[in-house]
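The values are calculated or read from the model by the stated rules, or taken from the named source; none is laboratory data. Since we're looking at a predicted model, the values are computed, not measured. Please note: Cβ atoms are built from the backbone with ideal geometry, for glycine as well, and neighbour counts cover all protein chains shown. Accessible surface is based on the protein model in full, side chains and every heavy atom, while ligands, DNA and RNA are left aside. Shrake-Rupley method; radii C 1.70, N 1.55, O 1.52, S 1.80 Å.
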Amino acid sequence: MERKHMSAFALYQTISADAAKPPLQVANKKKRKKENGASKVNTVKAQLKPERKKMRKKLLKSAQREESLKGVTEEECVNGDGEDLEALLANLAKVSNSKERASKLFQWLINPIPAKSFFRETWEKKPILVQRKNPNYYKGLFSTAEFDRILREEDVQYGVNLDVTSYTNGTRETHNPPGRALPFTVWEFYENGCSIRMLNPQAFSCTVWGVLSILQEQFGSMAGANIYLTPPGTQGFAPHYDDIEAFVVQLEGKKHWRVYNPRTEDEVLPVFSSPNYDQADIGKPILEVVLEAGDLLYFPRGFIHQGDCLPDAHSLHITISSYQKNSWGDLLQKVVPAALDIALEEDVEFRQGLPLDYLTYMGVQNSDKDDPRRTKFFSRIESLMKKLTNYAPVDAAVDQKARDFLHDCLPPMLTPEELATSVKGAPARWECGQVMDVGAHITTQTRVRVLRAGCARLCSDGEAVHLYYTTDNSRVYHKEELKSFEVKAEYTDAIEFLIHSYPKFVTVGSFPCDSAEDRITLAELLFERGIIHTAEPL
C-alpha cells in the first residue's frame, strides 16, 4: 500500500494532539476587563477574544495536508551539536579577517548546510528548512527576558521601534497607541492576543548588533532584523511576501508556518513587498511545518508566507534579512540615466531630432498598424540602446550603490583587540586632577590596517575624491547622515594601498606618499576617525 506524504505540521498534530492545552486564565481576563473597561487595551481585548477562540478551535481541527514539498529542501541535524553563541562570538573575535569572520558566522547560522551549496542551489531560488532538535542552538541571541528588559530600560516608541498587531477573521490590524511602549501596556496587549514586533532590535541588543554587523559583510548588503513575539493560539500578520531574503530563526516556543510559491513569474524576486492577501488568493502551501526553538527557515523574496502560534505555546523568533534593492535592475537604475546624460553630451546621434511625423505612426493608438516606418523607428531605438552601453559609467554606478550600502551599514561592534588598538580604546583620560597618557603618537614604524574589510571606500564624483566610512554610523537605521570627508589627491594612492592590503598590517612608513610627514598626517587622520587601528596599543 502506498504511503501518503504527511506534512511536518500534520505529523506534529498527530503526535501532540493529546498534549494540547486549553487557554489559561480566561476567567481572570474577563474579570480584569470588567474592572478596566475604559482602557484602550481592554477594548482591543473585547474585539479579539472571540476570534482567538475560533482560531484555536480551527487550529485543533485543521485537516492534515498531503502536499509534497516540491523544490523545498529539508535538512535535519539530529545531534544539534551547535557551538554556544557566546563562545562562538568570543572565538570569532580572535579571527583576524572580518570577511572570514562573517563567513564562519553565516555557516553557524545555517549549519549543517554548507554555505557554498546554499548560495549555489538555494539562495534566491527556494525555501529551505533546518530542524535541529536542539532548543539551545540559538540561545543567547535574544529572549523574552531581554525583550522585557528593553521595554523597562530603553526608550521604545510605538510605530518607530515596536508594533502591536493582530490578524483575526482575515483582517490584519495595527493597534499602536502614541508614545513610549511601556511594559504595563505592551504586556497587556500581548495577553489580549496581540503580536509584538520589535523593528530594530540591534539598537537595543548588543548581541543582535554584533551578529548583524558581522553578517552584513557576508551579504555585501545591509543585514537587518525584526523580533516577533506571538501569544499562543494567535496570528499577528496576514499572508504576504517580502522584498528581502529572510532567515526565520526560532528562539523560543514554536510556530506553525506555511510557505507558498510566487503566484506568477512577475512576483519572482519582486522589487517591493506585497499587500496583505486573503487565503483564497494564495493557493496551497509548498511547505507547512512547525518551527521549534533551534530551527531555521529560509525563503527568498516573493515567497508568500504566514505564521501562526499553536494553542499550547508562545513563539519568539527573529527574522534576519538582507538583499533589499540589491538586484541588477537596481544597479541599472543608476547606470542608465547617467549613461544617457553622457551620451547626450558626447554623441550627436543621441541629440538628433525625432522624425517630424513620428506621432502619426507611433504610440498605443498606432500600435496595430502595419507600417514600415514603425519597424524603422524600433530599429533606431535598438541601435541607440546598444550604443548606450559605450557610455555606461558602471564603476561610478557601483560606487553609488556602495555609498548606499555604507549608509545602511551598522557600525562595527569592536572586538576587545580592536577596541584596545583603536581610537575608542586609546588610554588618554583625566585622572588624579590631570590629563594622562596623551603622549602616544603614531610614527612611521607603527603598523596599521583598516578596521574592517568593508568599513571604508574611496569614491569620486568627478571633481573630488571622498572617503566614505561606517565607523561612526548609528545602530538606528539612517539616524545619522552618511559619513565622509574629502581626500587630498596626494593621499588617494595611500588609502587604496591600505584598503587593498587588508587583512595585513602595514607600516605607516610604507604608505605611498611624498613625505614621512604626509604619511603620519594621513595615519593620524584615519586613526582619529576610527577607520584604522594599530597592530599593538599605542
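Pick out the one residue from 104, 126, 99, 116 that is assigned to a loop (DSSP other than H, G, I, E, B), modelled with pLDDT of 95 or more and not β-branched (Val, Ile, Thr).
Only one candidate passes the filter, namely 126.
When you go through 318, 342 one by one, which is the residue that is part of a helix (DSSP H, G or I) and either open to solvent by less than 70 Å² (accessible area, probe 1.4 Å) or under 30 Å from residue 262 (Cβ atoms) (or both)? Working first, answer last.
Working: 318 fails: part of a helix (DSSP H, G or I).
Matching residue, one of 318, 342: 342.
Of everything in the stretch 403-448 that's charged (D, E, K, R) and in contact with a Leu (Cβ under 7 Å, 6 or more places away or on another chain), which residue is least open to solvent (accessible area, probe 1.4 Å)?
It comes out as 418.
Would you confirm, using the coordinates I've provided, whether residue 221 is in a strand (DSSP E or B), at negative phi and open to solvent by less than 20 Å² (accessible area, probe 1.4 Å)? Even if it seems obvious, please write down each step before you answer.
Details: in a strand (DSSP E or B): no; at negative phi: yes; open to solvent by less than 20 Å² (accessible area, probe 1.4 Å): yes.
For residue 221, the condition - in a strand (DSSP E or B), at negative phi and open to solvent by less than 20 Å² (accessible area, probe 1.4 Å) - is not met.
Pick out the one residue from 491, 477, 469 that is under 34 Å from the mean Cα position of the chain (by Cα) and modelled with pLDDT of 95 or more.
Selected residue: 469, the only one of 491, 477, 469 that is under 34 Å from the mean Cα position of the chain (by Cα) and modelled with pLDDT of 95 or more.
State all residues of the stretch 139-169 that are assigned to a loop (DSSP other than H, G, I, E, B) and open to solvent by 40 Å² or more (accessible area, probe 1.4 Å); if no residue qualifies, say none.
139, 140, 154, 155, 159, 160, 169
Find all pairs meeting these conditions: Cβ atoms under 6 angstrom apart; at least six residues apart or on different chains; first residue within the stretch 265-278 and over 13 Å from residue 242 (Cβ atoms); second residue part of a loop (DSSP other than H, G, I, E, B) and open to solvent by less than 20 Å² (accessible area, probe 1.4 Å).
The qualifying pairs are 268/302.
Here's a check for you: in the stretch 205-218, which residue that is farther than 15 Å from residue 319 by Cβ and of a type in the set (Val, Ile, Thr) is least open to solvent (accessible area, probe 1.4 Å)?
Among those residues, the one meeting the criterion is 214.
So, of the residues in the stretch 100-124 that are surrounded by fewer than 15 Cβ atoms within 10 Å (Cβ to Cβ) and among the basic types (Lys, Arg), which turns out to be nearest to residue 302 (Cα to Cα)?
Out of the qualifying residues, it is 120.
So, residue 499, is that one in a helix (DSSP H, G or I), over 36 Å from the mean Cα position of the chain (by Cα) and surrounded by 15 or more Cβ atoms within 10 Å (Cβ to Cβ) or not?
Values: in a helix (DSSP H, G or I): yes; over 36 Å from the mean Cα position of the chain (by Cα): no; surrounded by 15 or more Cβ atoms within 10 Å (Cβ to Cβ): yes.
For residue 499, the condition - in a helix (DSSP H, G or I), over 36 Å from the mean Cα position of the chain (by Cα) and surrounded by 15 or more Cβ atoms within 10 Å (Cβ to Cβ) - is not met.
Quick check, is residue 410 part of a loop (DSSP other than H, G, I, E, B) and in contact with a Ser or Thr (Cβ under 6 Å, 6 or more places away or on another chain)?
The answer is yes for residue 410.
For residue 302, indicate whether it is out of contact with any strand residue (DSSP E or B) (no Cβ under 9 Å at 6 or more places or on another chain) and in contact (Cβ under 8 Å) with a residue 24 or more places away in the chain.
Yes, satisfied.
With (1) open to solvent by 30 Å² or more (accessible area, probe 1.4 Å); (2) on the phi < 0 side of the Ramachandran plot as the list, and residue 471 as the residue in question, which single condition is left unmet?
Condition (1) is where residue 471 drops out.
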